[in-house]
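Here is the structure we will look at, set down as structure tokens.
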Amino acid sequence: MVHYANYGRWTAPELHFLQHLVSCFLRGILEDDIGETTLRQYVSTQLKCDPMRVTKRLKKGRTLVDRLLLTNFNRKTYKHVSDYNNDDINRLNDLKQARLVFEASLRTKRARAPIERGYLSMHDLVDARPKAMQSDIDDDDHDTFSSCGLFLF
């Protein structure tokens with residue numbers, strides 16, 4: 001089973017990066033050598049997420065940056081254009097900036113993930129005892145794990 005680094009709710013930096021990825025992909029001005037890759041494959045690789053997550057976001061009838069998508073872009077293949085104009089260069093620079101912001105937000109998102117998902121440490125489990133049980137076991141020589149029914153072998 002493949003584990004993706006990015007999952008869950010779409011963040012603002014991620015949507016901003018997605019907008020620039022789609023724009024540059026459809027104009028054919030990406031600097032990456034991606035051959036005949038589909039938009040879905042390319043975006044999921046860049047966003048480090050499941051391709052199905054991209055499919056759901058880019059399907060017909062959804063919005064992308066407050067614009068209604070009138071068609072499915074997922075199967076569109078990349079066609080490279082060799083002649084760039086100044087607008088294309090500006091788009092590529094915006095894409096690079098959006099990528100940096102996205103990668104920083106992804107690092108933050110990953111760092112918070114265990115907390116947001118509700119994982120508990122052994123200490124959290126021990127402190128989840130009823131108050132009556134906590135007050136009886138405040139001395140240092142008592143085994144906290146045994147009193148909670150948690151035995152370590």
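The values are calculated or read from the model by the stated rules, or taken from the named source; none is laboratory data. What you see is a predicted model, and the numbers here were worked out from it, not measured in a lab. Positions of Cβ are backbone-derived with ideal geometry, glycine not excepted, and every protein chain shown enters the neighbour counts.
Filtered by the rule that a residue be under 22 Å from Phe102 (Cα atoms) and surrounded by 13 or more Cβ atoms within 10 Å (Cβ to Cβ), region 60-90 gives Leu64, Phe73, Asn74, Asp88. Number of residues in region 1-27 that are among the basic types (Lys, Arg), under 15 Å from Cys49 (Cα atoms) and surrounded by 13 or more Cβ atoms within 10 Å (Cβ to Cβ) equals 0. Looking only at region 66-95, count how many residues are in contact (Cβ under 8 Å) with a residue 12 or more places away in the chain and in contact with a strand residue (DSSP E or B) (Cβ under 8 Å, 6 or more places away or on another chain). Count: 5.
Evaluate the following for Ile34: is it in contact with an Asp or Glu (Cβ under 8 Å, 6 or more places away or on another chain) and touching a residue at least 40 places away in the same chain (Cβ under 8 Å)?
On the way: in contact with an Asp or Glu (Cβ under 8 Å, 6 or more places away or on another chain): no; touching a residue at least 40 places away in the same chain (Cβ under 8 Å): yes.
When the stated conditions are applied, Ile34 does not pass them.
Please verify whether region 113-123 includes one or more residues that are part of a loop (DSSP other than H, G, I, E, B), at pLDDT 50 or above, exposed (fewer than 13 other Cβ atoms within 10 Å of the Cβ) and in contact with an Asp or Glu (Cβ under 9 Å, 6 or more places away or on another chain). Within region 113-123, none of the residues are part of a loop (DSSP other than H, G, I, E, B), at pLDDT 50 or above, exposed (fewer than 13 other Cβ atoms within 10 Å of the Cβ) and in contact with an Asp or Glu (Cβ under 9 Å, 6 or more places away or on another chain).
The residue of region 91-111 that is nearest to Val81 (Cα to Cα), among those that are polar (S, T, N, Q) and over 14 Å from the mean Cα position of the chain (by Cα), is Asn93.
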